[in-house]
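Trainee: After the structure tokens below, expect a handful of questions from me.
The values are calculated or read from the model by the stated rules, or taken from the named source; none is laboratory data. Computed from a prediction, not measured in an experiment: that's the story for all the values here. Please note: Cβ atoms are built from the backbone with ideal geometry, for glycine as well, and neighbour counts cover all protein chains shown. To get the accessible areas, we keep the full protein, side chains included, count just its heavy atoms, and leave off ligands, DNA and RNA. Shrake-Rupley method; radii C 1.70, N 1.55, O 1.52, S 1.80 Å.
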Amino acid sequence: MTPVPAGQEDRDRLAADLTSWPQERPALRPHTEALVNLLHHGGGAEIVTLSGDGQLLAALHLVREPRLSTWDVPAGAEPSLLLCHLAKSPDAPVGEPILRLVTLWATDFAARTGKRWVRGEVLLPTGSPPNRLLSLAQDTGWGHEKTTSTPGGHLALMQCRAELHPNQDVFLHCQVPTVTAPADPAVTRP
């Protein structure tokens, strides 16, 4: 996992990559569009990428100090990381390998940064069939806590417990610094 540098040129390059991905999967379109919006207008939003063999496989928004009002959790009550807007390359392996790698990295990263939970939000657009990402998340250890209504659809709230994976560096290199960044602004949803 690699952080996207703060320089606008790097953020514009990633936005162009994300925009070029074919949009044949309507369920992922809102997540990709939200990431592009954050890259262009999200100020200090922390975006991280997953690459393999020099190829971009996925990107997501990492929120280190999330506001959990949607979750009905009082501020500071449950230290958590929040993952939002997972966008996957059409060239990435089909199925759960990408989500399994992201989950492995996120649960370890959360544990190393003193968090108790990794939380994820999956947008379920109105009128779309059940979201495959939601199903895959459950298959890779995420619990579906609840679903709330949002403009344009529903938001599935998922979580899994932070857990150290001491040997993950053998196959998953992390360049995301563990130091806590300043609190991110409220998560922008599509």
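Trainee: Quickly run through the stretch 113-127 and pick out the residues that are at pLDDT below 85 and part of a loop (DSSP other than H, G, I, E, B).
Mentor: Listed by number, the residues that qualify are THR126, GLY127.
Trainee: Please specify each residue of the stretch 34-61 satisfying the condition of being farther than 24 Å from PRO125 by Cα, open to solvent by 70 Å² or more (accessible area, probe 1.4 Å) and touching an Asp or Glu at 6+ places or on another chain (Cβ under 8 Å).
Mentor: Once the filter is applied, which keeps residues that are farther than 24 Å from PRO125 by Cα, open to solvent by 70 Å² or more (accessible area, probe 1.4 Å) and touching an Asp or Glu at 6+ places or on another chain (Cβ under 8 Å), the stretch 34-61 yields only GLN55.
Trainee: List, please: which pairs have Cβ atoms under 6 Å, are six or more places apart or on different chains, and start with a residue in the stretch 147-159 that is free of Cβ contacts under 8 Å to residues at least 24 places away in the same chain and open to solvent by 30 Å² or more (accessible area, probe 1.4 Å) and end with one that is assigned to a strand (DSSP E or B) and small (Gly, Ala, Ser)?
Mentor: Short answer, once both residue conditions are applied: THR147/ALA156.
Trainee: While we're here: Among (1) open to solvent by 30 Å² or more (accessible area, probe 1.4 Å); (2) modelled with pLDDT of 80 or more; (3) not aliphatic (A, V, I, L, M), where does PRO130 come up short?
Mentor: It is condition (2) that PRO130 fails.
Trainee: Hey, could you check the stretch 68-88 for residues that are more than 17 Å from THR147 (Cα to Cα) and out of contact with any Lys or Arg (no Cβ under 6 Å at 6 or more places or on another chain) and say which is most open to solvent (accessible area, probe 1.4 Å)?
Mentor: Ranking the candidates gives ALA75 first.
Trainee: While we're here: Residue by residue through the stretch 1-19, note down the ones that are under 18 Å from HIS31 (Cβ atoms) and either in contact with a Lys or Arg (Cβ under 8 Å, 6 or more places away or on another chain) or modelled with pLDDT of 80 or more (or both).
Mentor: Answer for the stretch 1-19, where residues must be under 18 Å from HIS31 (Cβ atoms) and either in contact with a Lys or Arg (Cβ under 8 Å, 6 or more places away or on another chain) or modelled with pLDDT of 80 or more (or both): VAL4, ARG11, LEU14, ALA15, ALA16, ASP17, LEU18, THR19.
Trainee: If you don't mind, another one. Enumerate the pairs (first residue in the stretch 5-17 and touching a residue at least 40 places away in the same chain (Cβ under 8 Å); second residue anywhere and surrounded by 11 or more Cβ atoms within 10 Å (Cβ to Cβ) and among the β-branched types (Val, Ile, Thr)) with beta-carbon separation below 9 Å, excluding pairs fewer than 6 apart on the same chain, so at least 6 apart or on different chains.
Mentor: LEU14/VAL4; LEU14/VAL36; LEU14/ILE47; LEU14/THR49
Condition check ((1) more than 16 Å from the chain's Cα centre (by Cα); (2) of a type in the set (Asp, Glu); (3) at pLDDT below 80) across all residues:
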site	(1), (2), (3)
TRP142	no, no, no
LYS146	yes, no, no
LEU155	no, no, no
ALA162	no, no, no
ASP169	yes, yes, yes
LEU172	yes, no, yes
VAL176	no, no, yes
